[in-house]
Amino acid sequence: VFAMEKRIGWDLIVRTQIEKSSGAEAFDQLSPADKQLRLDSVIKITKYSSYLIPLSSLLWFASLAAALVAVFRFAAGAGITYGRTLAIVIYGSLPSLIERVLAIITMCFADPEGFDVKNPIASGPAQWIDLATGGSFAAHRFLYSLLNAFDLFALWMILLMAIGISETTQVKRGTAFATIFGGFFVLRLISAGLGF
């Protein structure tokens, strides 16, 4: 977050995200004064909420662990505890640290105008859909969001979590992977439908 603020700047980050959002047309129709007012408020919210990402990540890990315990204990009959599942989720998420380091390196050498906060290192098929140009892919925001489910780092983390679940329970590795990926894909499908 600090690197994004220093290298790219909140103004450019927010403008780029607005251009790629479903509300881009409505934003363009605002008067210049209203645009600046909206930009200023979104920049403030984005700036301060971005520094809360570690806290929201911890809440996400806790929620994900609770969901996995519920699924594997009650649906699959696996004897797994919440503490062990939370450890599996956190350790399984360690590849995201590699992704963050690569994103920082990318920020240092890439053109700030072309940097995409939601897809900083282009590690999945969503990189091929350019939403900002208004070209033929502009209507495919749903597909862009859905293809982010097949990001290399997301699949790596899901695989690590599945290995952790299968090694600590009697659940087969393929079943664990299919269950975790299925849940992740459904969440991605819902967020894509909502326009996130």
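The values are calculated or read from the model by the stated rules, or taken from the named source; none is laboratory data. The model shown is predicted, which means the values in this text are computed figures rather than measured ones. Backbone-built Cβ (ideal geometry, glycine too); neighbour counts: all protein chains shown. These area figures cover heavy atoms from the full protein model, side chains too; ligands, DNA and RNA do not enter into them. Shrake-Rupley method; radii C 1.70, N 1.55, O 1.52, S 1.80 Å.
Heavy-atom accessible area with a 1.4 Å probe sorts Leu152, Leu143, Leu39, largest first, into Leu152, Leu143, Leu39.
Average accessible surface for the chain: 59 Å² per residue, computed with a 1.4 Å probe over protein heavy atoms with every protein chain in place.
Given the choices (i) 8, 29, 34, 19, 8, 1, 0; (ii) 8, 21, 15, 11, 10, 8, 7, 6, 4, 4, 3, 2, 0; (iii) 9, 27, 30, 21, 9, 3, 1, P(r) over Cα pairs in 10 Å bins from 0, in percent derived from the coordinates of this structure is entry (i). Please say if the stretch 66-112 is rounded, prolate or oblate, where rounded means a/c under 1.5 for a ≥ b ≥ c the square roots of the C-alpha gyration tensor eigenvalues, and otherwise the choice is prolate for a/b larger than b/c and oblate otherwise? Cα axes put the stretch 66-112 in the prolate bin. Within a straight-line Cα-Cα reach of under 16 Å, Lys44 can be paired with the following aspartates and glutamates, leaving aside sequence neighbours fewer than 8 residues apart in one chain: Glu5, Asp11, Asp34. If only the Cβ of Lys and Arg carry +1 and only the Cβ of Asp and Glu carry -1, the dipole of the stretch 1-126 around its Cα centre is close to 540 debye. Membrane-span-like helices of the chain, defined as complete DSSP H segments with a Cα extent of 20 Å or more along the helix axis and a mean Kyte hydropathy of at least 1.0, are identified as 53-69, 95-109, 152-168, 173-194. When the solvent-accessible area of the stretch 1-126 is split by element, carbon and sulfur atoms take up 66 percent of it, the probe being 1.4 Å. For Lys47, the lysines whose Cα comes closer than 22 Å to its Cα, not counting residues fewer than 8 places off in the same chain, are Lys6, Lys20, Lys35, Lys118.
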